[in-house]
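To keep things clear, I will list the structure first and then write my remarks on it.
The values are calculated or read from the model by the stated rules, or taken from the named source; none is laboratory data. These figures come from a predicted structure and were not determined experimentally. Methodologically, a virtual Cβ is constructed for each residue, glycine included, from the backbone with ideal geometry; neighbour enumeration extends over all protein chains shown. These area figures cover heavy atoms from the full protein model, side chains too; ligands, DNA and RNA do not enter into them. Shrake-Rupley method; radii C 1.70, N 1.55, O 1.52, S 1.80 Å.
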Amino acid sequence: MARWGDCDFSELKGLQKRLEQFNKLDRQKLCESLAKEIAARLVRAAVQRTPVDTGALKQSWRDENKDYFVVKRDNVYEITIYNSMLYADYVEYGHRTRDGKGWVNGFFMLTISAQQINRVAPALIEKRIMQKLGEVFG
């Protein structure tokens with residue numbers, strides 16, 4: 001009968017403890033920080049796409065989205081991005097001229113920025129998760 005030998009499982013138990021700690025504590029923080037980072041990138045992109053007349057619309061993006069409040073609903077982390085300037089929707093989506101005979105095209109500042117962020121977000125999330133796992137397995 002073959003004998004397999006002795007095995008020291010102490011390092012595996014240590015790894016298990018680190019993974020449990022990561023799962024319990026760091027996952028929540030990681031998801032919140034990722035949500036905030038993605039929101040900050042979205043606001044930055046929207047600001048860059050915003051046309052300038054007086055600069056108030058651009059500044060409103062910055063002023064109103066300084067602090068990001070993360071709301072967790074089930075397994076989804078949400079942050080609301082907004083611009084409270086009364087004419088923000090008209091610049092975003094377009095509007096009729098004052099005489100009602102013409103149309104001013106929208107700039108789609110937030111719409112296009114959100115599409116761009118949606119394309120790069122998976123790679124960003126993967127990169128941050130790999131960094132965190134590198135710390136755990138480090």
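If you filter region 12-27 down to residues that are surrounded by 11 or more Cβ atoms within 10 Å (Cβ to Cβ) and without any contact (Cβ under 8 Å) to a residue 12 or more places away in the chain, you find that the one that is farthest from residue 67 (Cα to Cα) is 16. Just one of the listed residues (48, 28) is polar (S, T, N, Q) and either at pLDDT 90 or above or over 30 Å from residue 137 (Cα atoms) (or both), namely 48.
Where in region 37-113 are there strands (runs of 3 or more DSSP E), lying wholly inside it, with at least 2 residues that are open to solvent by 70 Å² or more (accessible area, probe 1.4 Å) and out of contact with any strand residue (DSSP E or B) (no Cβ under 6 Å at 6 or more places or on another chain)?
By residue number, 71-73.
Within region 121-138, being surrounded by fewer than 12 Cβ atoms within 10 Å (Cβ to Cβ) and assigned to a helix (DSSP H, G or I) holds for 122, 123, 126, 127, 130, 131, 134, 135, 137. Residues that are more than 15 Å from the chain's Cα centre (by Cα), among the small types (Gly, Ala, Ser) and more than 20 Å from residue 111 (Cα to Cα): does region 78-89 have at least one? So far as region 78-89 goes, no, none of its residues is more than 15 Å from the chain's Cα centre (by Cα), among the small types (Gly, Ala, Ser) and more than 20 Å from residue 111 (Cα to Cα).
Scanning region 60-107 for residues that are among the basic types (Lys, Arg) and within 23 Å of residue 44 (Cβ to Cβ) yields 62, 66. Across region 45-91, what is the number of residues that are within 25 Å of residue 103 (Cβ to Cβ), touching a helix residue (DSSP H, G or I) at 6+ places or on another chain (Cβ under 9 Å) and polar (S, T, N, Q)? Number of matching residues: 5.
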